[in-house]
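S.K.: Before anything else, here's the structure in question.
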Amino acid sequence: MLDVDIAGTVGSLEFQARFASEGGVTSLFGQSGSGKTTLTNMIAGLLVPQTGRISLDGTVLFDAAQGVNLPVQERRIGHVFQDARLFPHLSVRSNLTYARWAGRRKGDRDLDEVVDLLGLSTLLERKPGRLSGGEKQRVAIGRALLSDPRLLIMDEPLASLDQARRNDILPYLDRLCGEAGIPILYVSHSIEEVARLSDTLVILSDGRTPAYGPVAEMLTRTDLGRATGRHEAGALIHGKVTGMDAAWGLTLVDIGGAVLQIPDLPAETGDTVRLRIRARDVALALEPPKGLSIRNAFEASITSISEETGPYAEILCVLNDQTIRARITRASVADLDLAAGKNVTVLIKSVAIDRRQRSLV
Amino acid sequence: MNLFDLQPDEWQALLLTLKVAAVALAVSLPVAVLVAYLLARTRFPGHGLVNALVHLPLVLPPVVTGYVLLLMFGRKGPVGAFLSDTFGISFAFSWTGAALAAGVMAFPLIVRPIRLSFEAVDPKLEEAAKSLGARRIVAFFTVTLPLALPGILGGAILGFAKAMGEFGATITFVSNIPGETRTLALALYTATQTPSGDLAAFRLTLIAAFVAFAALIASELLARHLRSRLGGADA
């Protein structure tokens, strides 16, 4: 699939990136200035690394040792830029079909199909100047999809939008990631978007890629604290909707061995769902507590405790193959005498599971 | 003989002027677009020299430019002799020489606004075009050129006006031959040198003013049309 192993110096940034992705949605996650756009521009061919090799689907895009550097227009990588970059003198329709009439790309993807997928039917005859920010991004995504790409790069497509616009466009991204059938490289500094959309996660920090792997596994890695962002750290768990409690407005989600009660979950019985539980919303107790407002409490066993210099400790607990991450003070770890292998009761505040962090898988 | 009764030789001067200016523009505009694009988008050895050469006719006395043209493109000039022997094209004392002089003098005025409008087109749009499979030349014709059209129009209008009014280089290079190189400006000059030429000079002045005014109105209408076609906003 996509194989990247490159190095170079760009401006003041020492760059060294290595990762592989097996299709699906690969997220490139890192803080601002960590080199995300530099890396995607190198993969797209807009920047040239000094050394290394990039290959996609068996085609070598770049190989410093062999002197291969395929020009941008021959890489067949659809690029959705942060700032949309629609052609202002062309209608939405001509923008969407640009790769067909100017780029001599064919592709079996139908214009109508993409227009449907992204909800563009009412915008076709408009000029980009008359579109909202969210509409522009949808057109930019459609335009890239119609260029018959082998890979779709999405460079923070939501970064320039306000929260309301993001919520408008995220359902389209959900559908795109599920239905497009093309590997996607999704760049983001928002762990929420990453957790919601991706299969593989590549961490980028100061121009380096310290780790990559399946997203659920990466989110429970406690050694990547700073790179994944402490405050937002959390685990991904999969579950199945088993029923509704209409009287109290709760959805019951079986996560294997335990049933979570979640308010306002937009899912139906039988759906598989992906939930993100932030470490700071998880508490631990030695015994099942009584007289507590927290509804989600179940037994799990501690697999690891990582204490660092700060006041906090990151605890991983496992429940039927699913890992939950908790963040409590080191003082509590000492008081409760917690250790790996010990059974504890995990308490999750239902209200802390945010709607934006759910996705239908 | 009244104010609006154009004499045959005045008609001739008007038509000749339009022909000279149109040919000068038709030949120099594509070259100007190319030079402006190279100056705006590329860095090559001699970039500054080309830039200086392009602007030279603007700062040299027109008589000097005309004389240099005479030396190079005259019958005995190196370029003139070559073109005459090889292609049978002669510039000396013919309307084609007037067009050459007008084109050279107008060139810097055509290049400047076009270069500015190329520089105003975001290169990121060209990157986007390439990522969609367009080669550089295709990206130029489908994205860069259409977006620079207002500047190209501005350069063309300015160049046409300059070509119509060109005097010094023309009279030095191809002289003042009625029906061949006597454009409006030269005819007007001739009229002012003739004892009974006041009325003719006044008529020629009116014609020149009328043509210039019509060109300005036309360019304004075209620019408005272009702006609305570009959507009036950036994307």
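The values are calculated or read from the model by the stated rules, or taken from the named source; none is laboratory data. From a predicted model like this one, the values you see are computed outputs, not experimental measurements. No Cβ is skipped: glycine too gets one built from the backbone with ideal geometry, and neighbour counts run over all protein chains shown.
S.K.: Scan B:Thr183, B:Thr172 and give me the residue that is polar (S, T, N, Q), touching a helix residue (DSSP H, G or I) at 6+ places or on another chain (Cβ under 7 Å), farther than 30 Å from A:Ile153 by Cβ and crowded, with 23+ Cβ neighbours inside 10 Å. Working first, answer last.
M.R.: On the way: B:Thr172 fails: crowded, with 23+ Cβ neighbours inside 10 Å.
Only one candidate qualifies: B:Thr183.
S.K.: So the check is Cβ under 7 Å with 6+ separation or different chains; which pairs have a first residue in region A:175-198 that's assigned by TED's automatic domain parsing to the domain that holds A:Gly107 and a second one that's modelled with pLDDT under 80 and assigned to a loop (DSSP other than H, G, I, E, B)?
M.R.: A:Ile191/A:Gly229; A:Ile191/A:Glu232
S.K.: A:Pro266: within 25 Å of the chain's Cα centre (by Cα) and in the same structural domain as A:Asp337 (by TED's automatic domain parsing), yes or no? Write out each step before concluding.
M.R.: On the way: within 25 Å of the chain's Cα centre (by Cα): yes; in the same structural domain as A:Asp337 (by TED's automatic domain parsing): yes.
Yes, satisfied.
S.K.: Just to be sure, is B:Ala148 within 14 Å of chain A (Cβ to nearest Cβ), surrounded by 17 or more Cβ atoms within 10 Å (Cβ to Cβ), assigned to a helix (DSSP H, G or I) and in contact with a helix residue (DSSP H, G or I) (Cβ under 6 Å, 6 or more places away or on another chain)?
M.R.: Numbers: within 14 Å of chain A (Cβ to nearest Cβ): yes; surrounded by 17 or more Cβ atoms within 10 Å (Cβ to Cβ): yes; assigned to a helix (DSSP H, G or I): yes; in contact with a helix residue (DSSP H, G or I) (Cβ under 6 Å, 6 or more places away or on another chain): yes.
Spelling it out, B:Ala148 is indeed within 14 Å of chain A (Cβ to nearest Cβ), surrounded by 17 or more Cβ atoms within 10 Å (Cβ to Cβ), assigned to a helix (DSSP H, G or I) and in contact with a helix residue (DSSP H, G or I) (Cβ under 6 Å, 6 or more places away or on another chain).
S.K.: On to the next question. Please work out which one of (1) touching a helix residue (DSSP H, G or I) at 6+ places or on another chain (Cβ under 8 Å); (2) part of a helix (DSSP H, G or I) is the condition B:Phe141 fails and give its number.
M.R.: Exception for B:Phe141: condition (1).
S.K.: Sticking with this structure for a sec: Where residues in region A:110-136 are buried (at least 18 other Cβ atoms within 10 Å of the Cβ) and either within 11 Å of chain B (Cβ to nearest Cβ) or among the charged types (D, E, K, R) (or both), which of them is nearest to A:Thr59 (Cα to Cα)?
M.R.: Of everything passing the filter in region A:110-136, A:Lys136 is nearest to A:Thr59 (Cα to Cα).
S.K.: Would you say B:Ser117 is within 14 Å of chain A (Cβ to nearest Cβ), farther than 23 Å from B:Pro30 by Cα and hydroxyl-bearing (Ser, Thr, Tyr)?
M.R.: Details: within 14 Å of chain A (Cβ to nearest Cβ): yes; farther than 23 Å from B:Pro30 by Cα: no; hydroxyl-bearing (Ser, Thr, Tyr): yes.
No; evaluated as a whole, the condition is false for this residue.
S.K.: Please tell me if A:His79 is in contact (Cβ under 8 Å) with a residue 40 or more places away in the chain and facing chain B (nearest Cβ under 10 Å). Break it down stepwise before answering.
M.R.: Details: in contact (Cβ under 8 Å) with a residue 40 or more places away in the chain: yes; facing chain B (nearest Cβ under 10 Å): yes.
Yes: the conditions hold for A:His79.
S.K.: So how many residues does region B:67-83 have that are surrounded by 18 or more Cβ atoms within 10 Å (Cβ to Cβ) and either out of contact with any Gly (no Cβ under 9 Å at 6 or more places or on another chain) or free of Cβ contacts under 8 Å to residues at least 12 places away in the same chain (or both)?
M.R.: Restricting attention to region B:67-83, the residues satisfying the condition of being surrounded by 18 or more Cβ atoms within 10 Å (Cβ to Cβ) are B:68-70, B:73-74, B:77, B:80.
Now drop any that are not either out of contact with any Gly (no Cβ under 9 Å at 6 or more places or on another chain) or free of Cβ contacts under 8 Å to residues at least 12 places away in the same chain (or both), which leaves B:68, B:77.
Residues meeting the conditions: 2.
S.K.: For region A:90-109, which residues satisfy the criterion of being touching a residue at least 24 places away in the same chain (Cβ under 8 Å) and at the interface with chain B (Cβ under 7 Å from one of its Cβ atoms)?
M.R.: Residues satisfying the conditions are A:Tyr98, A:Ala99, A:Gly103, A:Arg105.
S.K.: Among the residues of region A:65-83, count how many are assigned to a loop (DSSP other than H, G, I, E, B) and surrounded by fewer than 21 Cβ atoms within 10 Å (Cβ to Cβ).
M.R.: Adding up the residues that qualify gives 7.
S.K.: Just to be sure before I move on: is A:Phe62 within 14 Å of chain B (Cβ to nearest Cβ), modelled with pLDDT of 90 or more and under 22 Å from B:Glu127 (Cα atoms) in the structure I sent?
M.R.: Numbers: within 14 Å of chain B (Cβ to nearest Cβ): no; modelled with pLDDT of 90 or more: yes; under 22 Å from B:Glu127 (Cα atoms): yes.
No: the conditions fail for A:Phe62.
S.K.: Taking the conditions exactly as written (crowded, with 20+ Cβ neighbours inside 10 Å, within 12 Å of another protein chain (Cβ to nearest Cβ) and under 22 Å from A:Ile184 (Cα atoms)), does A:Ala140 satisfy them or not?
M.R.: On the way: crowded, with 20+ Cβ neighbours inside 10 Å: yes; within 12 Å of another protein chain (Cβ to nearest Cβ): yes; under 22 Å from A:Ile184 (Cα atoms): yes.
So A:Ala140 passes the test.
S.K.: Enumerate the helices (runs of 4 or more DSSP H) found wholly within region B:2-89, keeping only those where 3 or more residues are farther than 30 Å from B:Glu127 by Cβ and small (Gly, Ala, Ser).
M.R.: Values: elements: B:8-41, B:47-59, B:62-73, B:78-86.
Filter on region B:2-89 gives B:8-41, B:78-86.
S.K.: Taking A:Ile54, is it surrounded by 23 or more Cβ atoms within 10 Å (Cβ to Cβ), more than 14 Å from every other protein chain (Cβ to nearest Cβ), under 18 Å from A:Pro183 (Cβ atoms) and of a type in the set (A, V, I, L, M, F, W, C)? Let's see the steps before the verdict.
M.R.: On the way: surrounded by 23 or more Cβ atoms within 10 Å (Cβ to Cβ): yes; more than 14 Å from every other protein chain (Cβ to nearest Cβ): yes; under 18 Å from A:Pro183 (Cβ atoms): yes; of a type in the set (A, V, I, L, M, F, W, C): yes.
Against the criterion (surrounded by 23 or more Cβ atoms within 10 Å (Cβ to Cβ), more than 14 Å from every other protein chain (Cβ to nearest Cβ), under 18 Å from A:Pro183 (Cβ atoms) and of a type in the set (A, V, I, L, M, F, W, C)), A:Ile54 qualifies.
S.K.: For region A:189-202, which residues satisfy the criterion of being buried (at least 22 other Cβ atoms within 10 Å of the Cβ) and over 17 Å from A:Ile237 (Cβ atoms)?
M.R.: Keep residues of region A:189-202 that are buried (at least 22 other Cβ atoms within 10 Å of the Cβ), which gives A:193-198, A:200-202.
A:Glu193, A:Thr200, A:Val202, listed by residue number.
S.K.: Considering every residue within region A:215-226, establish whether at least one is outside any loop (DSSP other than H, G, I, E, B), modelled with pLDDT under 85, in the same structural domain as A:Leu145 (by TED's automatic domain parsing) and within 16 Å of A:Gln137 (Cβ to Cβ).
M.R.: For region A:215-226, residues outside any loop (DSSP other than H, G, I, E, B), modelled with pLDDT under 85, in the same structural domain as A:Leu145 (by TED's automatic domain parsing) and within 16 Å of A:Gln137 (Cβ to Cβ): absent.
S.K.: Here's another thing I want to ask about it. Condition check: farther than 30 Å from A:Gly8 by Cα, within 14 Å of another protein chain (Cβ to nearest Cβ) and among the β-branched types (Val, Ile, Thr). Does A:Val72 satisfy that? Show your work before the answer.
M.R.: Details: farther than 30 Å from A:Gly8 by Cα: no; within 14 Å of another protein chain (Cβ to nearest Cβ): yes; among the β-branched types (Val, Ile, Thr): yes.
So A:Val72 does not fit the description; no.
S.K.: Select from region A:143-174 the residues that are touching a residue at least 12 places away in the same chain (Cβ under 8 Å), over 26 Å from A:Ile203 (Cβ atoms) and either within 14 Å of chain B (Cβ to nearest Cβ) or among the aliphatic types (A, V, I, L, M) (or both) and list them in ascending order.
M.R.: Correct list: A:Arg143, A:Leu145, A:Leu146, A:Ser147, A:Asp148.
S.K.: A follow-up question, please. I need the full set of residues from region B:123-145 which are of a type in the set (Phe, Trp, Tyr) and more than 10 Å from chain A (Cβ to nearest Cβ), in order please. Quick ask: steps written out before the conclusion?
M.R.: From region B:123-145, those of a type in the set (Phe, Trp, Tyr) are B:140-141; that's our starting set.
Within region B:123-145, B:Phe140 is the sole residue that qualifies.
S.K.: Please return the ranges of helices (runs of 4 or more DSSP H) entirely within region A:98-161 where 2 or more residues are farther than 23 Å from A:Gln73 by Cβ.
M.R.: Values: elements: A:98-101, A:111-118, A:133-145.
Answer list for region A:98-161: A:111-118, A:133-145.
S.K.: List the number of the failed condition for A:Val60; all other conditions in (1) surrounded by fewer than 23 Cβ atoms within 10 Å (Cβ to Cβ); (2) aliphatic (A, V, I, L, M); (3) outside any loop (DSSP other than H, G, I, E, B); (4) touching a helix residue (DSSP H, G or I) at 6+ places or on another chain (Cβ under 7 Å) hold.
M.R.: Evaluating A:Val60 over (1) surrounded by fewer than 23 Cβ atoms within 10 Å (Cβ to Cβ); (2) aliphatic (A, V, I, L, M); (3) outside any loop (DSSP other than H, G, I, E, B); (4) touching a helix residue (DSSP H, G or I) at 6+ places or on another chain (Cβ under 7 Å) leaves (4) as the failure.
S.K.: Mind checking whether some residue in region A:269-288 is outside any strand (DSSP E or B), exposed (fewer than 14 other Cβ atoms within 10 Å of the Cβ), in contact (Cβ under 8 Å) with a residue 12 or more places away in the chain and small (Gly, Ala, Ser)?
M.R.: Looking only at region A:269-288, we keep the residues that are outside any strand (DSSP E or B), and these are A:269-271, A:279-281, A:286-288.
Right, trim to exposed (fewer than 14 other Cβ atoms within 10 Å of the Cβ) and you get A:269-270, A:286-288.
In the following step, the residues that additionally are in contact (Cβ under 8 Å) with a residue 12 or more places away in the chain were identified as A:269-270, A:286-288.
If we keep only those that are small (Gly, Ala, Ser) too, we end up with A:270.
So far as region A:269-288 goes, yes, one or more of its residues are outside any strand (DSSP E or B), exposed (fewer than 14 other Cβ atoms within 10 Å of the Cβ), in contact (Cβ under 8 Å) with a residue 12 or more places away in the chain and small (Gly, Ala, Ser).
S.K.: Further question: Go through the residues of region A:11-23 one by one and say whether even a single one is modelled with pLDDT under 95, hydrophobic (A, V, I, L, M, F, W, C), out of contact with any Phe, Trp or Tyr (no Cβ under 8 Å at 6 or more places or on another chain) and not in a strand (DSSP E or B). Spell out how you get there, then give the answer.
M.R.: Filtering region A:11-23 down to residues modelled with pLDDT under 95 leaves A:11-23.
The next check asks that each one be hydrophobic (A, V, I, L, M, F, W, C); those that pass are A:13, A:15, A:17, A:19-20.
In the following step, the residues that additionally are out of contact with any Phe, Trp or Tyr (no Cβ under 8 Å at 6 or more places or on another chain) were identified as A:13, A:15, A:17.
So of that shortlist, the ones also not in a strand (DSSP E or B) come out as none.
Checked against the condition, which is being modelled with pLDDT under 95, hydrophobic (A, V, I, L, M, F, W, C), out of contact with any Phe, Trp or Tyr (no Cβ under 8 Å at 6 or more places or on another chain) and not in a strand (DSSP E or B), region A:11-23 yields no hits at all.
S.K.: Exactly one of (1) within 8 Å of another protein chain (Cβ to nearest Cβ); (2) modelled with pLDDT under 95; (3) assigned to a loop (DSSP other than H, G, I, E, B) is unmet by A:Leu86. Its number?
M.R.: Every condition holds for A:Leu86 apart from (2).
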